Amino acid sequence: MNNTQAHHLPVIAIDGPSASGKGTVAQLVAEKLGFAYLDSGALYRVVAFAAHQNNIAWDDANAVAACAKSLQIKFVHEQVLLNGQDISNEIRTELMGKGASQVAVHAPVRAALVDLQHSFLQAPGLVADGRDMGTVIFPSAPLKIFLTASTEVRAQRRYKQLLGKNQPANYDNILQDLQERDARDKGRASAPLVMAEHAILLETDNLSIADAVNMVLDAYQKCNA
Ligand SMILES: Nc1ncnc2c1ncn2[C@@H]1O[C@H](COP(=O)(O)OP(=O)(O)OP(=O)(O)O)[C@@H](O)[C@H]1O
Ligand SMILES: Nc1ccn([C@H]2C[C@H](O)[C@@H](COP(=O)(O)O)O2)c(=O)n1
């Protein structure tokens with residue numbers, strides 16, 4: 001599909017901080033609408049993982065960017081493949097979340113991932129989640145959502161999520177990590193986490209997953225009416 005054709009396809013951009021529920025809500029919305037789904041955070045996690053494997057420091061912007069450009073990343077069903085190898089579990093650790101946030105501060109690393117993110121746009125449409133979907137990657141998305149929840153609620157959700165996966169979890173450490181990650185993701189110079197102009201704010205502290213999904217679907221129907 002060329003750029004002009006892709007330009008007319010609808011994108012629902014869902015941005016927000018860690019553990020707000022973006023991924024869960026975005027995937028369910030994509031399923032309901034039969035849209036493609038982009039988990040942009042997974043791309044930064046893959047870059048952090050690959051850099052780590054190659055002994056490249058996460059603060060070495062040029063080396064990490066060169067590494068990012070050299071990677072062949074594919075999403076096949078639920079799996080994330082790096083150069084053909086399934087690394088879905090390896091990138092989902094708290095360490096790789098932290099690494100992803102650190103490599104994501106570098107403008108050349110972000111630039112290396114732009115075309116790949118655009119390539120996810122296909123008919124009949126795309127739901128994309130991340131930090132800069134509505135501000136930088138898909139600025140003309142007809143629907144932009146800023147999905148958030150208080151830090152305490154997000155820490156509680158992450159805590160339960162880790163326990164559910166039989167991974168070690170300590171609420172206080174999770175809370176501290178989230179605060180650090182929020183500060184880094186919001187405070188960086190390049191494509192910081194901010195609510196896009198015209199985005200709808202969805203605070204999910206007191207919303208179920210189903211409620212949040214329905215609110216996004218309703219908003220999408222309204223913007224098409
Ligand atoms: N509204 C909600 N109520 C209760 N739990 C929720 C809600 N939304 C999401 N969750 C749960 O919170 C956890 C984190 O959600 P999810 O992984 O979707 O967040 P995320 O924003 O994509 O995080 P990250 O950016 O770190 O990947 C999951 O276990 C999910 O089931
Ligand atoms: N569009 C994006 C997506 C992710 N990042 C960075 C910042 C996050 O802390 C990290 C991991 O994302 P997650 O998998 O937790 O959603 O990746 C970004 O800068 N821009």
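The values are calculated or read from the model by the stated rules, or taken from the named source; none is laboratory data. What you are looking at is a predicted structure, and each value in this text was computed from that prediction instead of being measured. Neighbour counts run over all protein chains shown; Cβ positions are idealised from the backbone, glycine included. These accessible areas exclude ligands, DNA and RNA; they are computed on the full protein's heavy atoms, side chains included. Shrake-Rupley method; radii C 1.70, N 1.55, O 1.52, S 1.80 Å.
Give the residues of the stretch 18-36 that are outside any helix (DSSP H, G or I) and either more than 7 Å from ligand 1 (Cβ to nearest atom) or among the basic types (K, R) (or both), sorted by residue number.
Listed by number, the residues that qualify are G34, F35, A36.
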Legend entry - From the options K22, K69, residue that is basic (K, R) and within 15 Å of ligand 2 (Cβ to nearest atom): K22
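For every residue, the table says whether it meets (1) assigned to a helix (DSSP H, G or I); (2) within 14 Å of ligand 1 (Cβ to nearest atom); (3) free of Cβ contacts under 8 Å to residues at least 60 places away in the same chain.
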| residue | (1), (2), (3) |
| --- | --- |
| Y44 | yes, yes, no |
| A50 | yes, no, yes |
| A57 | no, no, yes |
| K69 | yes, no, yes |
| F75 | no, no, yes |
| L81 | no, no, yes |
| L95 | yes, yes, yes |
Inset, instruction - Evaluate the following for D211: is it within 15 Å of ligand 2 (Cβ to nearest atom), open to solvent by less than 80 Å² (accessible area, probe 1.4 Å) and acidic (D, E)? - result: no
Inset, instruction - Just give me the residues in the stretch 172-197 being farther than 21 Å from R158 by Cα and either in contact with a Leu (Cβ under 9 Å, 6 or more places away or on another chain) or open to solvent by less than 80 Å² (accessible area, probe 1.4 Å) (or both), in sequence order. - result: G187, R188, S190, A191, P192, V194, M195, A196
Legend entry - Some residue of the stretch 131-153 being under 30 Å from K69 (Cα atoms), open to solvent by 40 Å² or more (accessible area, probe 1.4 Å) and part of a helix (DSSP H, G or I): yes
